[in-house]
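A short worksheet on the structure shown next.
The values are calculated or read from the model by the stated rules, or taken from the named source; none is laboratory data. Only a predicted model underlies this, so the values are computations on that prediction, with no experimental measurement involved. Cβ: placed from backbone, ideal geometry, glycine included. Neighbour counts: every protein chain shown.
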Amino acid sequence: MPSTRISTRQGRIAGRRRDIIEAVQRALSTGLLVPEHDRCIVLQQFDDDALITPPTKGPRYTVIEITLFSGRSMDAKRRLYRAIPDELARFEVPAGDIKIILVDVDPVNWGLSGKPASGIDLGFRIDV
């Protein structure tokens, strides 16, 4: 049940927003074994003057922040770190222009349907 935010510059992905969201969803499925139906991805686009990036990065610089339940293995995280650049290469986003931030959250600190996620059968494993 990751919650994902994609941040990039305005106008760099014109007309392909949904395609990029789907690409990141595929990477989450590949890397973390997230079921296809489990989706929560937001795409934010910023004007050039509202996104400061390292001077060595290009105009397609993209930050992907994924908040997820604690418990994923380092192997799963490595798969994800590879899958995201592989998917975004189709949109001419160089791997060196992608920053991935994982925020691990204990399921007791995540509420779903008025309950802590730790007390809900999610229908999939998080200890992958």
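Search region 1-37 for residues being in contact with a strand residue (DSSP E or B) (Cβ under 8 Å, 6 or more places away or on another chain), among the charged types (D, E, K, R) and at pLDDT below 95, and hand back the single one that is farthest from Ser73 (Cα to Cα).
Looking only at region 1-37, we keep the residues that are in contact with a strand residue (DSSP E or B) (Cβ under 8 Å, 6 or more places away or on another chain), and these are 1-13, 17, 20-21, 24-25, 28, 32.
Of the ones still in play, those that are also among the charged types (D, E, K, R) are 5, 9, 12, 17.
Filter once more, keeping what is at pLDDT below 95: 9, 12, 17.
Numbers: Arg9: 32, Arg12: 33, Arg17: 30 Å.
Ranking the candidates gives Arg12 first.
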**Asked** Which members of region 47-92 meet the condition of being closer than 25 Å to Asn109 by Cα and part of a loop (DSSP other than H, G, I, E, B)?
**Response** Ser70, Gly71, Arg72, Ser73
**Fill in**
Among the residues of region 93-123, the number that are at pLDDT 95 or above, surrounded by 16 or more Cβ atoms within 10 Å (Cβ to Cβ) and in a helix (DSSP H, G or I) is 1
**Message:** Just to be sure I understand the filter: pairs with C-beta atoms under 8 Å, separated by 6 or more residues or on different chains, first member in region 1-28 and touching a residue at least 60 places away in the same chain (Cβ under 8 Å), second member among the acidic types (Asp, Glu) and surrounded by 18 or more Cβ atoms within 10 Å (Cβ to Cβ). Which pairs pass?
**Reply:** Ala23/Glu87; Val24/Glu87; Arg26/Glu87; Ala27/Glu87
**Prompt:** Quick check: is even one residue across region 62-77 more than 24 Å from Asp127 (Cα to Cα) and buried (at least 16 other Cβ atoms within 10 Å of the Cβ)?
**Reply:** yes
**Request:** All but one of (1) under 22 Å from Asp19 (Cα atoms); (2) of a type outside the set (Phe, Trp, Tyr); (3) modelled with pLDDT under 95 hold for Ile64, so report the exception by its number.
**Result:** (3)
**Prompt:** For region 29-57, which residues satisfy the criterion of being without any contact (Cβ under 8 Å) to a residue 12 or more places away in the chain and acidic (Asp, Glu)?
**Reply:** Glu36, Asp49
**Residue tally, condition closer than 12 Å to Leu32 by Cβ and touching a residue at least 60 places away in the same chain (Cβ under 8 Å), over region 68-106** = 3
**Complete:** Flagged pairs (Cβ under 6 angstrom, 6 or more apart or on separate chains; first in region 107-122, in contact (Cβ under 8 Å) with a residue 60 or more places away in the chain; second part of a loop (DSSP other than H, G, I, E, B)) are Leu112/Ile120; Ala117/Trp110
